[in-house]
Each structure stands twice: as structure tokens, then as C-alpha cells.
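Trainee: Got a structure here, written out as C-alpha cells. Questions coming.
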Amino acid sequence: MRDAAALRMIDRIPRLGWVGAPSPVTALPRLAAALGLEFLGVKRDDLCEPLHGGMKMRKLDYVLAAPPFSTAAAWSAAGGIGSGNVAALVAAAQRLGRRVHAHLFWTDLSRGVIDNLAFIASGPASIRFYPSRLALALARPSLFLPLRARDDDGAAIVPLGATSALGMVGAARAALELGAQIRAGELPEPARVYVPLGSGGTAAGLAVGLALGGLRSRVVAVAVVERLLASRFRLRALTAELRAALAQKGVAPVPPAAPIDVVHGYLGRGYGSPTPASLAACDALAAEGISLEPVYTGKAMAALMAHARDRRLGPVLFWQTARREPLPRNDGFCERLPAALSRRLGAHCGGGSR
């Protein structure tokens, strides 16, 4: 089988070995019927082990196995105050005995944001707070631009969303895993695979992996960041970077990536802000026993539901990229937050008094 041969080649690339059994695919026949879909399935990366699951775990499996991350005592990363990437990195630091320098900017609050922030603050992390994404980018440009391997404190810089050539290998491997499940008869080959589009690594990695496994599926990437950061040009650059990296590591031949449809119109007020449609999508999946969060996966599911009502989609797969809920936390996590952040959290930190 083409995906089996490609998987053997990819598995020669060093990784930590966190990805074992494939994450299951849950079919949702009731919701599919309500939306007029012939098939709707959810690829349940929230059920992966370790690190509480999620696509970030697949990326970090490769990223953290390579220098400078494999040798650094600490890692530095940027994100919103509820960053899933930073939360996954803290979980990895707990497992591997490292520390995280977390540089966090303010976003709208939700249950998931508080859950991630509490977990970050409860783990082996130091937190620096910035009032906005722009303020963080101006203060720490090296965290946004891959020009340096380490920050001013000597910590190895983890790319935004863990999106790098190695991080995308984890997503490509996930697509090959899906191909094996399709050929085993666990689900029909999807015409479309829906994912949220943030840093772009998941969409690009899946597109390369789908093509590598000989699947005809196309990726539908629903932008959860501003248009400037979610362009087709960026995705073309990322897929080219991944294909070149795979070829360099002996994975050949690497075909052109599967088509990626970039979908805008579901961002709402901005990054990190839920929308009425994303909240409704979260409710719809909760009724099926699946927990989404409203700023990434909720927006991607909102797009899927709208598209299903407007057009014929064929069999559809939704990739649950988020981790499991809830994350463990310490009761006194607010005491470990910067004072300015604690004040802005208000009632979530006892009214903000310190």
C-alpha cells in the first residue's frame, strides 16, 4: 500500500515516539443526515496520548526530538493567553523535565482560554504578559520570525503553532494514518477534510500527507486568523518547504500537495474571539459527545455546517485538532500570573486583587 510505504519512510525521521495507535474516527450519522451529508466523520485527535491529545502533540513529537529543542533546558514560545500550542509545550516540558518561557498576549476570555492559562501557570512555566499581539511582536520579534534559534534568555524558540518543516511532518504522518484507516474500511475516502487555519502547519502537512498516501481528498482550511496571516501564498510556501524537507530526508517521491481551499468569513471580531456561529457549532458537537472550542475548531465546524447546507460536499471528515478537556490545574494558579494579567482576568482571579 502506498501509505504504508510512505509511513515506513517517514518513520525513519527521528521523533519522540509519542504517536502510537491511530486516533479513532467517530461517525456522526445523525448530524450528517441533518446537514444533508452522505457521511460526516470526526478524526479524534483529542483522544491521542500523551500531552492530553491534539494535533500539537503530533507536531511536537518531531520538533522536540531535534536540536536545539532536544538539548535546551528551556523553550520559549509566544501565543494568546489561552494558547493551545503553549499549553501543549508545557505538558511536554512536564514530561521531559524542561521549562517554558511563555510570552502571552491578551485575547477574549472563554472557558477554554481560562483552562489553558490555568494549566500553563500551574506547570513548569514562567509567564510574561503583553496587552496585545502587536505589543508582543514589537517587544519580542524573534518569537514571530524564525531568524534565531534561541531567545535573549538562551531558551530554544518554538515556532508559532509548532509550525516548521519538522512540525508539519507530524501532520503529514497523521494523513498517512488516515489513509490506512480508509483502506481498512473504517470510513469512506472523504472528498473534503475540514481543519482550522491558524499558523498553517496542520493544513499544509495534511495536504502533503494526503497526496503522499495517494488520497484524492482536498483540504478545506477555515481561517481563524486575519487574511494577511492566512493566505494561499503562505500555504504554498509551507507545502513547498515540507516537500523539500521530506525529499532531503529520503522520503521519495513526494508528489504535489493535495488541493487546499482557504475559507474566510468565519473569523468574527478577530483572533481568539468566539462567534455566534462557532458557539452554535460547539453546541451541535457537544450533543454528539464531542467537545470543540469556539475560536479554532468551532469556527471550522461552523464553516462545514454552512457549506453543507449550501452545496453538495460528498463524504466529509472534520479533523478534531484540539486537546481533551479539562486540563489539570493548581487552585492557586492566579498567584503565578503577572499582576497586570491577573487584574484583567477580574473575577477569574478573585476580582483581580493581589
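Trainee: Under a point-charge model restricted to the Cβ atoms of Lys and Arg (+1) and Asp and Glu (-1), what is the dipole moment magnitude of the chain relative to its Cα centre, in debye to the nearest 20?
Mentor: Once rounded to the nearest 20, the dipole reads 620 debye.
Trainee: While we're here: Give the lysines whose C-alpha is closer than 21 Å to that of Lys56, dropping any in the same chain fewer than 8 places away, or say none.
Mentor: Lys43, Lys299
Trainee: Quick one: which residues, 5 or more positions from Ser76 or on another chain, have an amide H under 5 Å from its amide H? H modelled 1.01 Å from N in the peptide plane, none for Pro or chain starts.
Mentor: So Ser76 has HN proximity to His101, Ala156, Ile157, Val158.
Trainee: Rg over Rh of the stretch 94-167, using C-alpha atoms and the Kirkwood radius, what does it come to?
Mentor: Here Rg/Rh amounts to 0.96.
Trainee: If I compute P(r) over Cα pairs in 20 Å bins from 0, in percent from the structure I just sent, which labelled value in (1) 24, 52, 24, 1; (2) 32, 60, 9, 0; (3) 27, 52, 20, 1 lines up?
Mentor: The listed entry that was calculated here is (2).
Trainee: Here is a further query. Provide, for q = 0.14 Å⁻¹, the log10 of I(q)/I(0) from a solvent-free Debye sum over equal Cα point scatterers in the stretch 194-299.
Mentor: Normalising to I(0) and taking log10 leaves -0.59.
Trainee: With each run of n ≥ 4 DSSP H residues scored as -39500 (n - 2.57), what mean residue ellipticity at 222 nm is computed for the chain after dividing by its residue count and rounding to the nearest 500 deg cm²/dmol?
Mentor: It comes out at -12000 deg cm²/dmol, rounded to the nearest 500.
Trainee: For the residue pair Arg128 and Arg236, what label-to-label distance in nm results when each label sits 7 Å from Cα along the Cα-to-beta-carbon direction?
Mentor: 3.6 nm
Trainee: Sticking with the crude label model, points 7 Å out along Cα→Cβ, report the distance from Ala306 to Ala135 in nm, one decimal please.
Mentor: Using points 7 Å along Cα→Cβ, the separation is 3.1 nm.
Trainee: Calculate what fraction, in whole %, of the accessible area of the chain sits on carbon and sulfur atoms when a 1.4 Å probe is rolled over the protein chains.
Mentor: 55 percent
Trainee: At R0 = 35 Å, how high is the FRET efficiency between Thr71 and Ala27 if r is their beta carbon distance? Nearest 0.05 is fine.
Mentor: It comes out at approximately 0.20.
Trainee: Considering the chain, which cysteines have no disulfide-compatible partner, defined as another cysteine with its Cβ under 4.7 Å away?
Mentor: Cysteines of the chain left without a disulfide-compatible partner: Cys48, Cys282.
Trainee: If packing is taken as the mean number of other Cβ atoms within 10 Å per residue, what is the order of 107-116, 78-87, highest first?
Mentor: In decreasing order of mean packing, 107-116, 78-87 become 78-87, 107-116.
Trainee: Have a look at Leu37, Pro68, Leu210 and report the one farthest towards the positive end of the charge dipole of the chain, computed about the Cα centre with Cβ charges (Lys/Arg +1, Asp/Glu -1).
Mentor: It is Pro68, whose Cα lies furthest towards the positive end.
The values are calculated or read from the model by the stated rules, or taken from the named source; none is laboratory data. Note that this is a predicted model, so its numbers are computed, not measured. Cβ atoms come from the backbone with ideal geometry, glycine included; neighbour counts cover every protein chain shown. Quick note on the areas: whole protein, heavy atoms, side chains included, nothing else; ligands and nucleic acids left out. Shrake-Rupley method; radii C 1.70, N 1.55, O 1.52, S 1.80 Å.
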